[in-house]
Structure formats: C-alpha cells, structure tokens
Amino acid sequence: GQQLNQSPQSMFIQEGEDVSMNCTSSSIFNTWLWYKQEPGEGPVLLIALYKAGELTSNGRLTAQFGITRKDSFLNISASIPSDVGIYFCAGPPADSWGKFQFGAGTQVVVTP
Amino acid sequence: DAMVIQNPRYQVTQFGKPVTLSCSQTLNHNVMYWYQQKSSQAPKLLFHYYDKDFNNEADTPDNFQSRRPNTSFCFLDIRSPGLGDAAMYLCATSREPPKVGAGNQPQHFGDGTRLSIL
C-alpha cells in the first residue's frame, strides 16, 4: 500500500544530542500523528497535530504540521537512552476515507 | 485505565491450521482496525470496522477474515496460515473514522500479537 516518505531511516546518536526526523507526502493531510514503537510493543501515540503550522510539544518532543499540509517533522531534544525505538508518522490523506497511512519509520539508537 | 488489549501476545500455529487473534477495548470507540506489521516495516492496514460496517482493504488476502460481535471485541481469523503470514498483528481503535476535510481522531494501539507459523 501507499506510504508516507519518512526520513531518515535510522539515526545513531549520542545521549544528549537532538534528533530530527520528517515525513512528506504528495497528498494533503488534515491530521498528522507521531507514534513511537518499542520492540515487541504496539505503537504509542506521542503527538497529534490538527492544523497547518501547528507546533506542539510533549516534554522533550516537538512536532510541527507543515504549512503546505504535506509534511511534518518531529524533534527530540537532549536524547536519553529510553528514547530508543522506531518513530512513525501517520495520518489520513485529506482525499481518503478510512485509510491511515504510515511512514516507514525512523529507528533511533541512543548510545551513552 | 482504558485500553486496547490483545490476546494472546504470542501465538504459534501450524502451516494451514486456522488461528484466531482477539482484541478488546474499553475506550468505547466506534472504529476498530487490524494491521499486519512485518519486521522493520510500517503497519499495513488489513481492514477496519466502523461500528458494524466492515471495510476490507483491496489488497487484503481472502485468507484473512474479521468479526466484530459487539463494540468491545474484534477478532482476526486466518483461515489457512502460510509462512508469509508470520508477523505482528496490531489492533487499533479510534473514536471516529478518518474524515475528509476535517481533523481526525488518532488511533490507539494494542501491544500486538506476534504470530509464528511452524
């Protein structure tokens, strides 16, 4: 099926560094969601964005809904070892009913 | 706490032997989804129920069926599992289905069932 274009595919960073990842699509989105998935667990919702230009924070996480409505980014500041996991962007394209699309995921590895 | 609960967490079945995975929710959400997720890949939507209305993805194999006997429960039936069906199966819920031209409620996921085929 269709996927959002999420990058980078993986990131290896040192504890304390900032992390940035983004998602782009050729379709317009009205909602952008960011999830984190740890091994053997289901995705957990981190941030939901509902308006173009919206900037939302959840602790050390900050996400923005792009002005064009075709992209979104997620930043993690001052990373810690428990930030390890796969981060997915997701959302339903504005022209699609009942179909959430997922990015391929960004695997984050934090080393002490 | 309100949750999406999947049972079992790990399921092993034999090639060709029918298997059923279950999902329950205490969120009272109208929509329940089943996804298949293979290693290092994004979740792939198989189908979803909006209340009692069943919506199948065009590329979901006929081997996969689903039942939703009531608001709280949804089942995934795999009639004749093949080796390629080994994966994590995720159940998710949302209050309403995605809508065109409006903000949408996020999906809430269970912890998944890891299916292995012998």
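The values are calculated or read from the model by the stated rules, or taken from the named source; none is laboratory data. From a predicted model like this one, the values you see are computed outputs, not experimental measurements. A quick note on method: Cβ atoms are made from the backbone with ideal geometry, for glycine too, and the neighbour counts reach across all protein chains shown. Surface areas here come from the heavy atoms of the whole protein model, side chains and all, with no ligands, DNA or RNA. Shrake-Rupley method; radii C 1.70, N 1.55, O 1.52, S 1.80 Å.
Inside the stretch A:9-47, can you point out the residues that are more than 14 Å from chain B (Cβ to nearest Cβ), of a type outside the set (S, T, Y) and open to solvent by 30 Å² or more (accessible area, probe 1.4 Å)?
Listed by number, the residues that qualify are A:M11, A:F12, A:Q14, A:E15, A:G16, A:E17, A:D18, A:N22.
Does A:T111 fit the bill of being touching a strand residue (DSSP E or B) at 6+ places or on another chain (Cβ under 9 Å), modelled with pLDDT under 95, more than 14 Å from chain B (Cβ to nearest Cβ) and closer than 24 Å to A:P39 by Cα? It would help to see each step written out before you state the result.
On the way: touching a strand residue (DSSP E or B) at 6+ places or on another chain (Cβ under 9 Å): yes; modelled with pLDDT under 95: yes; more than 14 Å from chain B (Cβ to nearest Cβ): yes; closer than 24 Å to A:P39 by Cα: yes.
Criteria met by A:T111.
Residues B:A58, B:A92, B:A86, B:A42: which one is out of contact with any Gly (no Cβ under 8 Å at 6 or more places or on another chain), within 13 Å of chain A (Cβ to nearest Cβ) and not acidic (D, E)? Break it down into steps so the answer makes sense when it comes.
Working: B:A92 fails: out of contact with any Gly (no Cβ under 8 Å at 6 or more places or on another chain); B:A86 fails: within 13 Å of chain A (Cβ to nearest Cβ); B:A42 fails: out of contact with any Gly (no Cβ under 8 Å at 6 or more places or on another chain).
Criteria check complete, one pass: B:A58.
Mind listing whichever residues of the stretch A:70-108 are surrounded by fewer than 20 Cβ atoms within 10 Å (Cβ to Cβ), within 14 Å of another protein chain (Cβ to nearest Cβ) and at positive phi?
Scanning the stretch A:70-108 gives a single hit, A:G98.
Does A:Y50 count as within 13 Å of another protein chain (Cβ to nearest Cβ), touching a Phe, Trp or Tyr at 6+ places or on another chain (Cβ under 9 Å) and open to solvent by less than 10 Å² (accessible area, probe 1.4 Å)? Break it down into steps so the answer makes sense when it comes.
On the way: within 13 Å of another protein chain (Cβ to nearest Cβ): yes; touching a Phe, Trp or Tyr at 6+ places or on another chain (Cβ under 9 Å): yes; open to solvent by less than 10 Å² (accessible area, probe 1.4 Å): no.
No, not satisfied.
Look at B:Q25 and say whether it is buried (at least 17 other Cβ atoms within 10 Å of the Cβ) and touching a Cys at 6+ places or on another chain (Cβ under 9 Å).
Numbers: buried (at least 17 other Cβ atoms within 10 Å of the Cβ): yes; touching a Cys at 6+ places or on another chain (Cβ under 9 Å): yes.
Criteria met by B:Q25.
Just to verify a result, which residue in the stretch B:69-93, among those that are among the hydroxyl-bearing types (S, T, Y) and buried (at least 21 other Cβ atoms within 10 Å of the Cβ), is farthest from B:S22 (Cα to Cα)?
Initial filter on the stretch B:69-93 (among the hydroxyl-bearing types (S, T, Y)): B:71-72, B:80, B:89, B:93.
Those left that are additionally buried (at least 21 other Cβ atoms within 10 Å of the Cβ): B:89, B:93.
On the way: B:Y89: 10, B:T93: 13 Å.
Result: B:T93.
Of everything in the stretch A:56-69 that's open to solvent by 60 Å² or more (accessible area, probe 1.4 Å) and in a loop (DSSP other than H, G, I, E, B), which residue is nearest to A:M11 (Cα to Cα)? Talk me through it step by step, then tell me what you get.
So in the stretch A:56-69, the residues open to solvent by 60 Å² or more (accessible area, probe 1.4 Å) come out as A:57-60, A:67-69.
If we keep only those that are in a loop (DSSP other than H, G, I, E, B) as well, we get A:59-60, A:67-69.
Working: A:G59: 20, A:R60: 17, A:I67: 26, A:T68: 26, A:R69: 25 Å.
Filtering first and then ranking leaves A:R60.
Identify all residues within the stretch B:63-110 that are of a type in the set (D, E, K, R), in contact (Cβ under 8 Å) with a residue 12 or more places away in the chain and more than 30 Å from A:R69 (Cα to Cα); write none if there are none. Before the answer, list the steps.
Narrowing the stretch B:63-110 to residues of a type in the set (D, E, K, R): B:67-68, B:77, B:79, B:85, B:95-96, B:99.
Imposing the further condition that a residue be in contact (Cβ under 8 Å) with a residue 12 or more places away in the chain reduces the set to B:68, B:77, B:79, B:85, B:95-96.
Scanning the stretch B:63-110 gives B:R68, B:D77, B:R79, B:D85.
Every residue in the stretch A:1-30 that is over 29 Å from B:P98 (Cα atoms), among the aliphatic types (A, V, I, L, M) and in contact with a Pro (Cβ under 7 Å, 6 or more places away or on another chain), please.
The answer is none; no residue qualifies.
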